[in-house]
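Heads up: the structure comes next, in structure tokens.
The values are calculated or read from the model by the stated rules, or taken from the named source; none is laboratory data. These figures come from a predicted structure and were not determined experimentally. No Cβ is skipped: glycine too gets one built from the backbone with ideal geometry, and neighbour counts run over all protein chains shown. We work out accessible area using only protein heavy atoms, side chains counted, and drop any ligands, DNA or RNA first. Shrake-Rupley method; radii C 1.70, N 1.55, O 1.52, S 1.80 Å.
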Amino acid sequence: MRVVLGEDLVLLRDGLIRLLRAYDFDVVEAVDSGPALLDALLDHRPDVAVVDVRLPPTFTDEGLRAAIEARKRVPGLPVLVLSQYVEQLYARELLSDRGGAVGYLLKDRVSDVRQFVDAIRRVASGGTAMDPEVITQLLARGARDRPLTTLTPREREVLSLMAEGRSNGAIATRLFVTEKAVGKHIANIFGKLGLPMSEDDNRRVLAVLAYLDRV
């Protein structure tokens, strides 16, 4: 699986290269700036890109903007953001294009290498991988939106777990309830938010993220 890596910290970049190669990823290019990242993504069109949000020259949001621009030119290009920050404006733009193959993980919350590797593979295969804290911040921004305020606390929990990409069974296990109860919560959530029901986990996540982009 071919990977382009965008990370400006040399020790972290080299560490990620070694880790990815240990799990049989082919790191075709590793860059340290936004412009170089965009060039690498367009040149290689990798199976997946792993990018930091804040890259030179200004250390604001170059990495995320480069990823968004690359996906505009190469629709569906898989991108996993790995960062210390949640850049809400551009994160919403990346996550709500309904193309799938996106993820957003926070560096200081990645504690399991295998889960990280699985997240990369899931994004590369067209799925989603979302850190719960990212979802919490996106939900918080829309907390004053009337449809969201109609959700019960349990429904908001279920909505957040759905947006992470969890199946009904995984949500049931996490919340110590039955899958039937989860199904009822999801039906209520989709009804209150005016979203179409879907049994496909990835489409379900994208529908939720698309809704969050509007609030």
What does the charge count near ASP61 come to, summing +1 for each Lys or Arg and -1 for each Asp or Glu among other residues with Cβ under 14 Å from its Cβ? -3
Mind ordering 42-51, 4-13, 168-177 by average Cβ neighbours within 10 Å, highest first? 42-51, 4-13, 168-177
Which Cα, out of GLY183, LEU41, LEU5, lies furthest along the positive dipole direction of the chain (beta carbon charges, K/R +1, D/E -1)? GLY183
Measuring from the longest principal axis of the C-alpha atoms of the chain, the long axis of helix 62-73 (C-alpha) lies at a number of degrees, nearest 10, equal to 80
Could you order the peptides 23-29, 128-134 from most to least packed, using the average number of other C-beta atoms within 10 Å per residue? 128-134, 23-29
Determine which lysines satisfy two conditions relative to LYS192: a Cα distance under 25 Å, and not lying fewer than 8 residues away in the same chain. LYS180, LYS184
Skip the ligands, DNA and RNA, and give the accessible area per residue of the chain with a 1.4 Å probe, whole Å². 47
Using a 1.4 Å probe on the protein heavy atoms, what percent of the accessible area of the chain belongs to carbon and sulfur? 49
